[in-house]
Amino acid sequence: MLDGMMLGDGTLKQECRYPSFLIEQRDEEFVKHLWDWFKEFNLVNNLYTKRLKVDKRLNKDGIPYKDSVTYRFSTCSFPYF
């Protein structure tokens, strides 16, 4: 499953000695489903969070792009990641 998520919306981040797995996507239900799955195996400590991305760019007509909302969570750090 992790291999498939790495091809899509998953990424590894390393903020301490070992990396953790980060998932960020727009579909809240899907993120909650994944969070529940990881929680079942005691791989997460915190809830998933909502993140607002403010886009200050303008398109070629001078109209600003829409801001986007994503939902994300990361697992605990593990050496096998």
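The values are calculated or read from the model by the stated rules, or taken from the named source; none is laboratory data. Just so it is clear, the model here is predicted, and its values are computed rather than measured. FYI the Cβ positions are ideal-geometry reconstructions off the backbone, even for glycines, and counts take in every protein chain you see.
Which members of the range 21-75 meet the condition of being over 11 Å from the mean Cα position of the chain (by Cα) and among the polar types (S, T, N, Q)?
If the condition is that a residue be over 11 Å from the mean Cα position of the chain (by Cα) and among the polar types (S, T, N, Q), then 42, 45, 46, 59, 68 are the ones that fit.
Would you pick out the residues in the range 56-81 that are closer than 15 Å to residue 24 by Cα and free of Cβ contacts under 8 Å to residues at least 60 places away in the same chain? Spell out how you get there, then give the answer.
Within the range 56-81, the first condition is being closer than 15 Å to residue 24 by Cα, and the residues that meet it are 68-75.
Of everything in the range 56-81, those that are closer than 15 Å to residue 24 by Cα and free of Cβ contacts under 8 Å to residues at least 60 places away in the same chain turn out to be 68, 69, 70, 71, 72, 73, 75.
Pairs only if they're at least six apart or on different chains, beta carbon under 7 angstrom, first in the range 40-52 and farther than 21 Å from residue 18 by Cβ and aliphatic (A, V, I, L, M), second surrounded by 10 or more Cβ atoms within 10 Å (Cβ to Cβ) and at pLDDT below 90; list them, first residue then second.
Close Cβ pairs (under 7 Å, with a partner that is surrounded by 10 or more Cβ atoms within 10 Å (Cβ to Cβ) and at pLDDT below 90) amount to 52/67.
Can you spot a residue in the range 11-20 that is at pLDDT 85 or above, surrounded by 14 or more Cβ atoms within 10 Å (Cβ to Cβ), in a helix (DSSP H, G or I) and not aromatic (Phe, Trp, Tyr)?
Checked the range 11-20: no residue is at pLDDT 85 or above, surrounded by 14 or more Cβ atoms within 10 Å (Cβ to Cβ), in a helix (DSSP H, G or I) and not aromatic (Phe, Trp, Tyr).
Of everything in the range 28-53, what is in contact with a Lys or Arg (Cβ under 8 Å, 6 or more places away or on another chain), surrounded by 12 or more Cβ atoms within 10 Å (Cβ to Cβ) and not in a helix (DSSP H, G or I)? Give them in sequence order.
Passing the criteria: 48, 49.
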